[in-house]
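Asker: To start, I am sharing the structure in question, which I have written as structure tokens.
The values are calculated or read from the model by the stated rules, or taken from the named source; none is laboratory data. The structure presented is a predicted model; accordingly, all values stated were derived computationally and were not measured. When we count neighbours, we look across all protein chains shown, and the Cβ atoms used for this are built from the backbone with ideal geometry, even at glycine. To get the accessible areas, we keep the full protein, side chains included, count just its heavy atoms, and leave off ligands, DNA and RNA. Shrake-Rupley method; radii C 1.70, N 1.55, O 1.52, S 1.80 Å.
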Amino acid sequence: METTKQDESARVLVLGAGYGGLMAALRAADHATVTLVDPSSEFTERVRQHELAAGRATIGHPLAPLLRRKRIRHVPARATALDAHQRIVTTDSGEKLGYDRLVYALGSRTRGTGDGDGRVFTSETAAQLHKRLQDGPGRLVVVGGGATGIETAAELGEVTDWEVELVTAGQVGPSLSPKGRAHVREVLRALGVTLREGAAVTPADLDADAVVWNASLQPNTELATAAGITVGADGRITVDEHLRAVSHPDVYAAGDAAGAWTRDAGALRMACATALPVGTRAGRNAAADLTGDEPRPLRFRYQAQVLSLGRHDGLVQKVRRDDSPTDLVVTGRLAALAKEQVVRTTVRTLRLAAR
Ligand SMILES: Cc1cc2nc3c(=O)[nH]c(=O)nc-3n(C[C@H](O)[C@H](O)[C@H](O)COP(=O)(O)OP(=O)(O)OC[C@H]3O[C@@H](n4cnc5c(N)ncnc54)[C@H](O)[C@@H]3O)c2cc1C
């Protein structure tokens, strides 16, 4: 049976206030005393980073009102070391934070970005990219044919005077159905985005004034690895069905840093869509573990992939429970509206959990 009172002696420390970590903190706080470590005083809607590049004013929401009611302490610092034996996390402000259970949710970053090449931007440097685009027009190449590359190319193709090209090593939208992929190609073309498929490139190969590197994500699991926590070949923390690190029973993982899986869906991909349910379960289980309640296995199955294609078009790709695409797609303005609703719902879900 789950308890409903915060237990002062049950300390859950959550690293990272993204979708996974913030949700884990809010859920753990129903039963335990929670501390949340993140350098930012805002929750960042990372799924809108391409909108920031296109000129959206802000994608941040202050953390304080989200944490207040559940009495979660926010430590505005970066975690720099983890001692998994002593159960201590050290921050860049020198603070040492002890824990009974840890939720590791430090997210991910863009992999392989052509360091030192001033033309190269990523989702993480979207605000700087926006400034650069205002100096244009010029030639912009977006690299990466997955959802992030597609959304970025479409968004920028729609709002800038720049000549935009999307380059990808494979085909665009590899996880989509042929029908879905055809729609993406058609909308990109209509937005003036040139598409080059089957071209594996490095930033140095590109004749461009600016490059957006969206090739793939790398989990931020360096602190975990240094602490001896087992990570899989994909760099994510290896967890059991309760989101508990297989090598360290007092550590849970959530979001992009977790190699989460379910029997229905298999290995989950790095996504906001998975980070929220994984965060919920990791937070609840971390607290349950301390209060004597039964941890529960993660339950999750995919339903749809939802892409924005600029502000006026989109794609809802119906998928099977294991994320494989079906022939059913919804396109056009209706899909654009659906995408906006999905994105708003993530913030609404966090606000509801904060009550
Ligand atoms: C442009 C773009 C569009 C996307 N669109 C979609 C989409 O449409 N649908 C979808 O499902 N997914 C989408 N994604 C993927 C999604 O954003 C991520 O999978 C999701 O953000 C993962 O959540 P998270 O909580 O693991 O990590 P994040 O949201 O990245 O949060 C990690 C947090 O950890 C903090 N942190 C990092 N290092 C430290 C440290 N050392 N100490 C303390 N704190 C630290 C960061 O400040 C951050 O707050 C998109 C990603 C991008 C870049």
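Asker: Of the residues that make up the range 63-73, is at least one of a type in the set (A, V, I, L, M, F, W, C), within 11 Å of the ligand (Cβ to nearest atom) and assigned to a strand (DSSP E or B)? Full working, then the answer.
Answerer: Keep residues of the range 63-73 that are of a type in the set (A, V, I, L, M, F, W, C), which gives 63-64, 66-67, 72.
Narrowing further to those that are within 11 Å of the ligand (Cβ to nearest atom): 63.
Pick out the ones that are also assigned to a strand (DSSP E or B) and you get none.
Within the range 63-73 (the criterion being of a type in the set (A, V, I, L, M, F, W, C), within 11 Å of the ligand (Cβ to nearest atom) and assigned to a strand (DSSP E or B)), the answer is no, since none of the residues qualifies.
Asker: A further question on this structure: What number of residues within the range 44-72 are closer than 27 Å to PRO295 by Cα and touching a His at 6+ places or on another chain (Cβ under 6 Å)? Write out each step before concluding.
Answerer: Within the range 44-72, the first condition is being closer than 27 Å to PRO295 by Cα, and the residues that meet it are 66-72.
Those still in the list that are touching a His at 6+ places or on another chain (Cβ under 6 Å) too: 67.
Final tally of qualifying residues: 1.
Asker: Name the residue, out of GLY173, GLY118, that is assigned to a loop (DSSP other than H, G, I, E, B) and within 16 Å of HIS50 (Cβ to Cβ).
Answerer: Going through GLY173, GLY118 in turn, just one is assigned to a loop (DSSP other than H, G, I, E, B) and within 16 Å of HIS50 (Cβ to Cβ): GLY173.
Asker: Name the residues in the range 269-287 that are more than 10 Å from the ligand (Cβ to nearest atom) and either of a type outside the set (Val, Ile, Thr) or farther than 24 Å from VAL343 by Cβ (or both), would you?
Answerer: Filtering the range 269-287 down to residues more than 10 Å from the ligand (Cβ to nearest atom) leaves 277, 280-287.
Those that are more than 10 Å from the ligand (Cβ to nearest atom) and either of a type outside the set (Val, Ile, Thr) or farther than 24 Å from VAL343 by Cβ (or both): PRO277, ARG281, ALA282, GLY283, ARG284, ASN285, ALA286, ALA287.
Asker: Another question, then. Among the residues of the range 13-49, write down those that are closer than 15 Å to THR91 by Cβ, within 11 Å of the ligand (Cβ to nearest atom) and β-branched (Val, Ile, Thr).
Answerer: Within the range 13-49, VAL14, VAL37 meet the criteria.
Asker: Within the range 160-185, can you find the residues that are open to solvent by less than 10 Å² (accessible area, probe 1.4 Å) and away from the ligand (no atom under 16 Å from the Cβ)?
Answerer: Of everything in the range 160-185, those that are open to solvent by less than 10 Å² (accessible area, probe 1.4 Å) and away from the ligand (no atom under 16 Å from the Cβ) turn out to be VAL167, SER177.
Asker: If only one of GLY149, GLY157 is within 14 Å of the ligand (Cβ to nearest atom), modelled with pLDDT of 95 or more and not assigned by TED's automatic domain parsing to the domain that holds ALA227, which one is it? I'd like the intermediate steps shown before the answer.
Answerer: Values: GLY157 fails: within 14 Å of the ligand (Cβ to nearest atom).
It is GLY149.
Asker: Pick out the one residue from ALA127, ALA53 that is in contact (Cβ under 8 Å) with a residue 24 or more places away in the chain, open to solvent by less than 10 Å² (accessible area, probe 1.4 Å) and within 13 Å of the ligand (Cβ to nearest atom). Reasoning before the result, please.
Answerer: Working: ALA127 fails: open to solvent by less than 10 Å² (accessible area, probe 1.4 Å).
Within the list ALA127, ALA53, the selection yields ALA53.
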